[in-house]
Amino acid sequence: MAKTLVIFTIVLLLFAISVSSSNPDPNLNPNSDPAPSEAHKVLIRFGFPIGLLPRNVNGYSLNSSSGEFLVSLGEKCKITLPPDNYLATYSKKIRGKIVENRIAELDGISVRAFFKWWGITGIRSSGENLVFEVGMVTAKYPSMNFNESPYCEGKKHSSS
């Protein structure tokens, strides 16, 4: 009986070790969203929420002295922007200049409104709100609507 108990205990220990090594953090959900990319972290550093960029960022470059940036998405991306459900398209490459609470000379993001596509030319972060610029016209939305980075529509992802 004691020999059986020892073998059973060893098997349980081996099982526990294999489970803990496959998922080192017991609180980590393997189906949870991936960590934000470096480009998403740059948004945070300059006062913006990560939801301004979709999840499929492949790379980015940032000139720290001029603020000029380039974000690469593997392919074009369509998302629905909150809260008014405007359809937005992201080009494979998004360019602009970023400084604290301001993105200017933005190129590569368009939104469909009033039966026409409009290029978003700038974004300002002012406290609890984001102000989107489309030429001379602006629209203000709560920043909290952009706290999560969206998936491109029509693309498969791990939580589906």
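Just so you know, all these numbers are worked out from the coordinates, no wet-lab data involved. As the structure is a computational prediction, the values presented were derived from the model and not from experiment. In this analysis, Cβ positions are derived from the backbone assuming ideal geometry, glycine residues included, and neighbour counts consider all displayed protein chains.
Can you spot the aspartates and glutamates whose alpha carbon is less than 15 Å from K140's alpha carbon? Ignore those fewer than 8 places along the same chain.
K140 reaches D84, E128.
Please order T80, T121 by the number of other Cβ within 10 Å, starting at the fewest.
So the ranking, lowest neighbour count to highest, is T80, T121.
With θ taken as phi - 60° and the coefficients 6.51, -1.76 and 1.60, list the Karplus ³J(HN,Hα) couplings across the stretch 138-148 in order, rounded to whole Hz; mark glycine and proline as x.
10, 9, 10, 9, x, 4, 4, 5, 10, 6, 10
Roughly speaking, what is the stretch gain from S64 to T89, that is 0.36 nm per residue apart minus the C-alpha to C-alpha distance, in nm to one decimal?
Contour length minus Cα-Cα distance gives 6.3 nm.
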